[in-house]
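Notes to accompany the following structure.
The values are calculated or read from the model by the stated rules, or taken from the named source; none is laboratory data. All values reported here derive from a predicted model rather than from experimental measurement. With ideal geometry, Cβ positions are generated from the backbone for all residues, glycine too; neighbour counts draw on all protein chains shown. When the accessible area is computed, the model is the full protein with side chains, heavy atoms only, and any ligands, DNA or RNA have been set aside. Shrake-Rupley method; radii C 1.70, N 1.55, O 1.52, S 1.80 Å.
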Amino acid sequence: MEFIRNFPFFSIILAMFSGIISSVISGKWARRINLVMLCTVMTLSGATLWYTAHIGESITFMMGHFPAPWGNEIRFGVLECLMAFFFALIMLLSILGGQARIVEDVEDTKLNLFYVLLNLMMSSFLALIYTNDLFTGYVFVEINTIAACGMIMMRQNGHGIVAAIRYMVMAQIGSGLFLIGICILYGITGQLLMVPANSAVQTIVANGQYVIPLVVIIVFISVGLGIKSGLFPFHSWIPDTYGYATPTASAILSGLVSKGYIFLLIKIIYRVIGLPVIANSKILNVLFGLGVVAMIMGSVYAILQKDMRKMIAYSSVAQIGYIYMGIGLATTAGFVAAIFHILTHAATKALLFVSARELYEVSGGKTDFKSLRGAGYRSRMAGLAFSVGSLAMVGFPMLAGFISKYLFATAAIESPHKMLITFTALIISTFLNAAYFLKTMVTIYSERKQYEKEFNLQESVNKSSLMTRIALLVFVLTNVFLGSFSNIVVDVIQKGLAMFG
């Protein structure tokens, strides 16, 4: 049993070494190593999830021979293990679902580099999830940023390069603010490990010291990670970044990258600063307000789009707003809803990007809505998968999105001053979500006869590989599981937050 405590560390090292090995082998073997790595990480994370649930407490793993405050640590409970398992699952399905398109979009000589970036990105996700050290968190935030930029540029076209540069500029602003916040925190506490830093912060607050520096720390860290996760109005990089990358990269960037930064922010709120201190600083009110605006404006921008890629991308702006609204409620129920929506959005948005690419392929490679008419008939599995993802985003019962909105609504009851705003935002955003997602569903299932002459239906259906169809099916089942057995997941999230302190 004690050996299981090494599994999170093994997962991080395995992902990093997979990237190193992939850099000197062919793309074919790099793909195999990547798939083996992800399956292994899922297995290790699942075993660690069972173990931490069994013992009922979080575990601190010291790396090296130096204890706190000089050494480096990782810490994990049921919530961290759940996130690691889920991130590995979504990345695996995104790669399998977009495998055929990776071969088309990435040059043969750079195929192994694509998997190097995927492996490094997975290692950064795991480090952000497990680390108990703030500076280590910053280092892997930068690794994640570099890997994301490389993935955006993999298609080697002008749009991708411009999108990568825009992403890099915004990401570096966010990283700079985050680093400044960490440096000031270290200056007043002398700690980088999260738990000792929390003890120092509580002492400082109790003594009434460093009031202004502490507010500056909270603002810089929150805004820095907000920029990196695409919170409105720092969202300008999202449409091109998600829209012009390969389907696998778009699914991972939209579904996972921004969520890794948000999860790190939640850890800092609970484990470093403390929720009461954060709430007193009023920064959560700002995040709440920006989240509500993002829910509305992201959906408005999505409605105005004539390109499906950008419509899905702007939808991500709205969904990130949901998460920050939940965080801004400043209650445990709000954080439970926010974390559940991280899982919901990761599974659903990855599903939408992968299935949408299949719909483009059977529409002459075009992404405008007029060309996509009847695409659901030409690629039946992709049409079904996209419909399930769309209904989930709208909040259809038995799907993940419905549970997310229910959790946000119930969490709002515990915040009387924000309850009316939350309910209003949920209602308006739901109607807006329905406006563009249901319109898209109608589009892909309309005017079948006109387009049967232009496309051969049987050949179009066969363009989706067996692996893509399997990945889409598992995506759909994951969404149904989150919607139908949400009590299991919510229970794990609640226990995990209780272990965070």
Given 333, 279, which one is out of contact with any helix residue (DSSP H, G or I) (no Cβ under 6 Å at 6 or more places or on another chain) and closer than 25 Å to residue 269 by Cβ? 279
Restricting to the stretch 298-313, name every residue that is surrounded by fewer than 24 Cβ atoms within 10 Å (Cβ to Cβ) and part of a helix (DSSP H, G or I). 300, 301, 303, 304, 309, 310
How many residues, within the stretch 200-213, are farther than 14 Å from residue 187 by Cα and loosely packed, with under 14 Cβ neighbours inside 10 Å? 4
All positions within the stretch 6-34 that are open to solvent by 30 Å² or more (accessible area, probe 1.4 Å), in a helix (DSSP H, G or I) and not aromatic (Phe, Trp, Tyr): 6, 13, 14, 16, 20, 21, 28, 31, 32, 33
Residues (under 27 Å from residue 322 (Cα atoms), open to solvent by 10 Å² or more (accessible area, probe 1.4 Å) and in contact with a helix residue (DSSP H, G or I) (Cβ under 6 Å, 6 or more places away or on another chain)) located in the stretch 368-386: 369
Among the listed residues 260, 289, 274, which satisfies the condition of being modelled with pLDDT of 80 or more, closer than 26 Å to residue 500 by Cα, of a type in the set (Gly, Ala, Ser) and crowded, with 24+ Cβ neighbours inside 10 Å? 260
Candidates 160, 181, filtered to the one that is within 25 Å of the chain's Cα centre (by Cα), open to solvent by less than 60 Å² (accessible area, probe 1.4 Å), at pLDDT 80 or above and of a type in the set (Gly, Ala, Ser): 181
Residues of the stretch 214-238 being touching a Ser or Thr at 6+ places or on another chain (Cβ under 9 Å), farther than 25 Å from residue 277 by Cβ and open to solvent by 10 Å² or more (accessible area, probe 1.4 Å), which ones? 235
Just to be sure I understand, how many residues within the stretch 482-501 are open to solvent by 70 Å² or more (accessible area, probe 1.4 Å) and either in contact with a Gly (Cβ under 8 Å, 6 or more places away or on another chain) or without any contact (Cβ under 8 Å) to a residue 60 or more places away in the chain (or both)? 5
Of all residues in the stretch 444-473, which are open to solvent by less than 50 Å² (accessible area, probe 1.4 Å), modelled with pLDDT of 55 or more and in contact with a helix residue (DSSP H, G or I) (Cβ under 7 Å, 6 or more places away or on another chain)? 444, 464, 465, 468, 471, 472
In this structure, is residue 408 within 22 Å of the chain's Cα centre (by Cα) and part of a helix (DSSP H, G or I)? yes
Tell me the residue from 191, 172 that is of a type in the set (S, T, N, Q), without any contact (Cβ under 8 Å) to a residue 40 or more places away in the chain and either open to solvent by less than 40 Å² (accessible area, probe 1.4 Å) or out of contact with any Lys or Arg (no Cβ under 7 Å at 6 or more places or on another chain) (or both), please. 172
Just name the residue that is farthest from residue 12 (Cα to Cα) out of those in the stretch 118-139 that are in contact (Cβ under 8 Å) with a residue 60 or more places away in the chain and open to solvent by 10 Å² or more (accessible area, probe 1.4 Å). 133
Any residue at all in the stretch 83-98 that is more than 30 Å from residue 476 (Cβ to Cβ), touching a residue at least 60 places away in the same chain (Cβ under 8 Å) and either open to solvent by less than 20 Å² (accessible area, probe 1.4 Å) or in a helix (DSSP H, G or I) (or both)? no
Just for the stretch 225-241: of the residues that are part of a loop (DSSP other than H, G, I, E, B) and among the small types (Gly, Ala, Ser), which one is farthest from residue 141 (Cα to Cα)? 236
Those residues of the stretch 99-117 which are open to solvent by 10 Å² or more (accessible area, probe 1.4 Å), among the β-branched types (Val, Ile, Thr) and at pLDDT below 85 amount to 103, 109
